[in-house]
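Remarks on the structure that follows.
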Amino acid sequence: MNIYRSIKNFGIFICWVMGICACQQKPIDNYTVVRLNKGWTYEDVEGEHKGSAIVPGTIHTDLLNNNQIEDPFYRTNEKDLQWIDKKDWVYQKTFTVGKNILDKDKVVLHFYGLDTYADVFINGKLILEAFNMHREWSVDVKKMLMEGENLLKVYLHSPVKKGLELYNASPYAYPATNDQSENGGLGDKKISVFTRKAGYHYGWDWGPRFVTSGIWRPVELRCWDDLNIESVYIRQPSVTKQLAKLTAEINIDANDGFEAELVINSDKEKSAVAVKKVLLKKGMNLVSVPFEIVNPKLWWSNGLGNPTMYDFNVQVVVGGMVVSNKKVSAGLRSVKLVREADDKGETFLFELNGVRVFAKGANYIPNDSFLPRVTKSDYEKVVADAADANMNMLRIWGGGIYEDDYFYELCDRNGIMVWQDFMFACSMYPGNEAMLKNIEQEAIDNVTRLHNHPSIVLWCGNNEINTAWHHYGQGGWGWKKRYNKEQQEEIHRAYTDIFHDILPQVVDSLTETDYWPSSPQSGYEPNNHASYESTSGDTHYWGVWHALHPFEDFDKYKSRFMSEYGFQSFPDFESVQTYAKPEDYDIESEVMAAHQRSGIGNLRIKEYLSWYYKVPDNFEEFLYMSQVLQAHGIRMAIEAHRRAMPYCMGSLYWQINDCWPVASWSSTDYYHKWKAVHYAVKKAFEPVMISAVNKGHEVELYVVSDLQENKKAEMNIQLMDFKGNILYSEVRNVDIMENTSTQLESFNPESIDGFTKESCVLALTLSEDGKEISTKTHFFTTAKEQKLQSPEIDISFEESAEGLYLVVKSNTLVRGLYLYDNRSGLILDDNYFDLLPGGIKKVRVVKSLYSVDTKRVNFRYITS
Ligand code: BMA
């Protein structure tokens, strides 16, 4: 019913003339949403498989839920399920529409996401042909609906068949390194580049190939009368502690011309923050309403302050009635990517509210191969895992998706800054007109959806394409060389059209956030491709791993901002058991190999293990040692990057999460279990961190601080042998400088009686007013060379007001002590730690699915 229309002519006029203001508005029920996610069925066109479907969902998960396929992640099942993406699938449902809906001025069918080539029919009439998973799709369906029952049908074309058509029509093939075409039965035909769909669906070096189809995000009917606020962007031209100068940019779709009043309220201000009279024209209106907030509560990243959020409510009032309203949240902050020349090159750092922030974090991939089954709780866990490990940034990598709103809300609330890639990774893309238009609209949809999130501090064009195209010595991929001159020009023109023209223009017009064309890159223009020695821009340092550089080289290749580096490990035994049977327990078995997607993965792990540790024969021991090794390497990297502060101002390792259970570079596995490295990362990212490095005969000592004030502290330095005999002890006063790295006087163990590299440990403790703020156990040589002894480990159990603790003691030094309970579910606040001889370590039980029984707590440790 159009309540408003009845009073429109008379009401508007009277209210306008009398100057009735915001305080007398009465809301009307003008906007109705009918959700269309229930009651769907699916069927392949041959009619061989059918069943009830879950929307949002994918065909793979629907087949699984209807017992028509086996668990895609189990053993080598992936191989047998490649037929699914070669079929067309039909989804349909009926829904009833009443007169109340049909009477509305506008009735719009809205898809938040269709994966991917989808023809949509209402009552048999084709109303939409969708072709981009990353876009939203809206169709005015008022005239197509009937009172009573209606049929909604979505015909999903096989993305593989469509991809092959496009591939066959292309004059040349495009590079797409991680597209596992062979696993999909397509030989070397890399079709992923032609379709705007998550790159990792086609396989990656940590992910399986499941080229999904489905209605992957919700569907709804949006119905309204007269006018509707389509979007609100809170632009922040200037934000300081004293004053936030803001502008609400409001998009209003109006069915007619209206004289209206826009009223903006905030949850933190008593009266309206802005009221503005406007004349709306029929069609789309963009209205800007400037306003100010005095002494705003700023949004800060994790570790620097509270990530305060403001809720704004925008109302359009016509004739004293609220005809449309929209709520948005925003965090008030000024943020910029600072690239300024200095004596060494050019900075690459984020400045938040005037503070130069060292970015501590990781790269992030989608949480599942089947996206719609990622739950709120999964998102909560990943973001909590980042925040708990002292991170303040995640890089949403370009081979996945523009994430769910809820993910960014969590980042907002937890002070996790987001480096947001556009969804382009490790491939060149065709640049025909249709593709470019498609990409532009994809960017518009996503930037508009996400631009109020204060967590997003950078939009980045792509992952590694610039460096892959150009050839350079270290890590260069040299794609360019595969093509003749004409082709080179054509392919590169598409590249510059997308990443130097379309995307920056969209970012510039729809946000105030900075744009960076490609990660890594040493300068803005495409000829500035990065190298490991770049003194500007960001770096992906893969010398460790790909080029077999030792972990010590993390100290050699310093960058202005290390946006990628990493090392693999296996998930723990319990996670491996979810996909493998006892007969598969060999890292080279077919099943284990199917869950190791890097061709060099096992080789690299074994090689690096042999440099630093004893290589175990036992399978379970090997899984454990792979985690110890990864933790060792990544901790060395993070410490090196932070020691290089302020030259280096960011360290994002590859990668925080997994999309299935697999051997990968992740620090938490598919089940969100922390690997050894995640505990190591938490320590290495502590706000104040002690770092020690062997340099010749000496040990260089550093304290790195992210705090915004100088501090005085005491450092306790103890050299002891593995049996606990103290060979040297000293307490030093230390000045910790704010927001930088401070080198202290080096420590020389050589002249100390009883010192040998193989049997001694340096125990460092930093305290402020008697309170411990950072600790470190430092060794003088590799574990393999050390004379580690068999410890007697004693585990008891203590309960106090703060919770349950495992109390762990040992008579001799223990390295990498891993406590676990085979029945699962034991989550501890620390693990894989070193235990000093005679020392006591209290480990808090964060969560346990069973009552804790110390007899059930098993352990492993490093042996030599
Ligand atoms: C980086 C990423 C990913 C890849 C990872 C591990 O280059 O951008 O493409 O998965 O390395 O090889």
* Condition broken by residue 181, with the remaining ones in (1) out of contact with any Leu (no Cβ under 9 Å at 6 or more places or on another chain); (2) surrounded by fewer than 19 Cβ atoms within 10 Å (Cβ to Cβ) satisfied -> (2)
* Asked: Quick one: in segment 241-268, which of the residues that are open to solvent by 70 Å² or more (accessible area, probe 1.4 Å) and in a loop (DSSP other than H, G, I, E, B) is nearest to residue 104 (Cα to Cα)?
  -> 267
* Given the conditions (1) outside any loop (DSSP other than H, G, I, E, B); (2) in contact (Cβ under 8 Å) with a residue 60 or more places away in the chain, which single one is not true for residue 407? -> (2)
* Do we have residue 679 as surrounded by fewer than 18 Cβ atoms within 10 Å (Cβ to Cβ), outside any strand (DSSP E or B), in the same structural domain as residue 638 (by TED's automatic domain parsing) and under 25 Å from the mean Cα position of the chain (by Cα) here? -> no
* To do: Restrict the check to segment 377-384 and report whether at least one residue is of a type outside the set (A, V, I, L, M, F, W, C), over 30 Å from residue 260 (Cα atoms), crowded, with 16+ Cβ neighbours inside 10 Å and in contact with a Gly (Cβ under 9 Å, 6 or more places away or on another chain).
  => no
* To do: Run residue 751 past the list (1) under 27 Å from residue 685 (Cβ atoms); (2) open to solvent by 30 Å² or more (accessible area, probe 1.4 Å) and report the number of the one that doesn't hold.
  => (1)
* Filter segment 775-831 down to residues that are touching a residue at least 40 places away in the same chain (Cβ under 8 Å) and among the aromatic types (Phe, Trp, Tyr) and give me whichever is surrounded by the fewest Cβ atoms within 10 Å (Cβ to Cβ). => 797
* Under the condition of being modelled with pLDDT of 95 or more and among the basic types (Lys, Arg), which residue from segment 545-592 is most open to solvent (accessible area, probe 1.4 Å)? -> 556
* To do: Tell me which of these residue 22 doesn't satisfy, since it passes every other one: (1) at pLDDT 95 or above; (2) open to solvent by less than 40 Å² (accessible area, probe 1.4 Å).
  => (1)
* Structure fact -> Being assigned to a loop (DSSP other than H, G, I, E, B), more than 16 Å from the ligand (Cβ to nearest atom) and under 25 Å from residue 442 (Cα atoms) narrows 118, 173, 130 down to just 173
* Asked: Which one of the conditions (1) within 14 Å of the ligand (Cβ to nearest atom); (2) over 25 Å from residue 644 (Cβ atoms) does residue 521 fail to meet, given that it meets all the rest?
  -> (2)
* residue 431 being in the same structural domain as residue 525 (by TED's automatic domain parsing), surrounded by 24 or more Cβ atoms within 10 Å (Cβ to Cβ) and farther than 23 Å from residue 216 by Cβ -> no
* Is there a residue being part of a loop (DSSP other than H, G, I, E, B), assigned by TED's automatic domain parsing to the domain that holds residue 104 and among the acidic types (Asp, Glu) anywhere in segment 149-169? -> no
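Among residues belonging to segment 323-337 that are of a type in the set (A, V, I, L, M, F, W, C) and open to solvent by 10 Å² or more (accessible area, probe 1.4 Å), point out the one that is farthest from residue 381 (Cα to Cα). Write out each step before concluding.
If we filter segment 323-337 for residues that are of a type in the set (A, V, I, L, M, F, W, C), which is where we start, we get 323, 328, 330, 332, 335, 337.
Among the residues that remain, those that are also open to solvent by 10 Å² or more (accessible area, probe 1.4 Å) are: 328, 335, 337.
Values: 328: 24, 335: 26, 337: 28 Å.
Result: 337.
Go through segment 198-240 and give me each residue that's more than 16 Å from the ligand (Cβ to nearest atom), part of a loop (DSSP other than H, G, I, E, B) and open to solvent by less than 10 Å² (accessible area, probe 1.4 Å).
At the first step, the residues of segment 198-240 found to be more than 16 Å from the ligand (Cβ to nearest atom) are 210-240.
From the residues that got through so far, the ones that are part of a loop (DSSP other than H, G, I, E, B) too are 210-213, 215-218, 225-226, 240.
Across segment 198-240, the qualifying residues are 210, 211, 212, 213, 215, 225, 226.
Let's see how each residue does on (1) closer than 15 Å to residue 641 by Cβ; (2) assigned to a loop (DSSP other than H, G, I, E, B); (3) open to solvent by 80 Å² or more (accessible area, probe 1.4 Å):
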residue	(1), (2), (3)
683	yes, no, no
699	no, no, no
707	no, yes, no
713	no, no, no
720	no, no, no
728	no, no, no
741	yes, no, no
* Asked: Among the residues of segment 587-608, which ones are away from the ligand (no atom under 16 Å from the Cβ), among the aliphatic types (A, V, I, L, M) and free of Cβ contacts under 8 Å to residues at least 24 places away in the same chain?
  -> 593
* To do: Note down all Cβ pairs under 6 Å where the first residue falls in segment 624-651 and is among the small types (Gly, Ala, Ser), the second is open to solvent by 10 Å² or more (accessible area, probe 1.4 Å), and they're at least six residues apart or on different chains.
  => 631/680; 640/555; 644/558
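Within segment 749-797, take every residue that is aromatic (Phe, Trp, Tyr) and in a strand (DSSP E or B) and give me the one that is modelled with the highest pLDDT.
Within segment 749-797, the match that is modelled with the highest pLDDT is 779.
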* Asked: Got a sec? Which of 51, 113 is outside any strand (DSSP E or B), open to solvent by less than 30 Å² (accessible area, probe 1.4 Å), at pLDDT 95 or above and of a type in the set (Gly, Ala, Ser)?
  -> 113
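Among strands (runs of 3 or more DSSP E) lying entirely in segment 289-396, which contain 3 or more residues that are away from the ligand (no atom under 16 Å from the Cβ) and either small (Gly, Ala, Ser) or free of Cβ contacts under 8 Å to residues at least 24 places away in the same chain (or both)?
Numbers: elements: 310-318, 321-330, 335-338, 349-352, 355-357, 359-364, 393-396.
Passing ranges, in order: 321-330.
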* Restricting attention to segment 116-160, which residues are open to solvent by 20 Å² or more (accessible area, probe 1.4 Å), touching a Ser or Thr at 6+ places or on another chain (Cβ under 8 Å) and of a type in the set (A, V, I, L, M, F, W, C)? -> 131, 151
* Structure fact -> Output for Cβ contacts, cut-off 8 Å, separation at least six or different chains, first residue farther than 18 Å from residue 756 by Cβ in segment 722-745, second of a type in the set (Phe, Trp, Tyr), reads 739/358; 741/702; 742/702; 743/702; 744/702
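Residues to consider are 190, 143; find the one that is more than 16 Å from the ligand (Cβ to nearest atom), more than 25 Å from the chain's Cα centre (by Cα) and charged (D, E, K, R). Reasoning before the result, please.
On the way: 190 fails: more than 16 Å from the ligand (Cβ to nearest atom).
Exactly one residue qualifies, and that residue is 143.
Quick one: which of 600, 634, 605 is farther than 14 Å from residue 863 by Cα, β-branched (Val, Ile, Thr) and either surrounded by fewer than 21 Cβ atoms within 10 Å (Cβ to Cβ) or not assigned by TED's automatic domain parsing to the domain that holds residue 540 (or both)? Give the derivation first.
On the way: 634 fails: either surrounded by fewer than 21 Cβ atoms within 10 Å (Cβ to Cβ) or not assigned by TED's automatic domain parsing to the domain that holds residue 540 (or both); 605 fails: either surrounded by fewer than 21 Cβ atoms within 10 Å (Cβ to Cβ) or not assigned by TED's automatic domain parsing to the domain that holds residue 540 (or both).
Exactly one of 600, 634, 605 is farther than 14 Å from residue 863 by Cα, β-branched (Val, Ile, Thr) and either surrounded by fewer than 21 Cβ atoms within 10 Å (Cβ to Cβ) or not assigned by TED's automatic domain parsing to the domain that holds residue 540 (or both), namely 600.
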* Asked: When only residues in segment 397-454 that are more than 19 Å from residue 330 (Cα to Cα) and acidic (Asp, Glu) count, which is nearest to the ligand (Cβ to nearest atom)?
  -> 421
* Among residues of segment 576-586, those that are touching a residue at least 60 places away in the same chain (Cβ under 8 Å) and in contact with a helix residue (DSSP H, G or I) (Cβ under 9 Å, 6 or more places away or on another chain), counted -> 5
* Asked: When both residues are 6+ apart or on different chains and their Cβ atoms are under 6 Å apart, which pairs have a first residue that lies in segment 275-286 and is assigned to a strand (DSSP E or B), and a second that is surrounded by fewer than 17 Cβ atoms within 10 Å (Cβ to Cβ)?
  -> 279/259; 286/251
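The values are calculated or read from the model by the stated rules, or taken from the named source; none is laboratory data. Since we're looking at a predicted model, the values are computed, not measured. All Cβ positions, even for glycine, are placed from backbone atoms using ideal geometry, and neighbour counts span all protein chains on display. Protein only, heavy atoms only, side chains kept; ligands, DNA and RNA dropped before computing areas. Shrake-Rupley method; radii C 1.70, N 1.55, O 1.52, S 1.80 Å.
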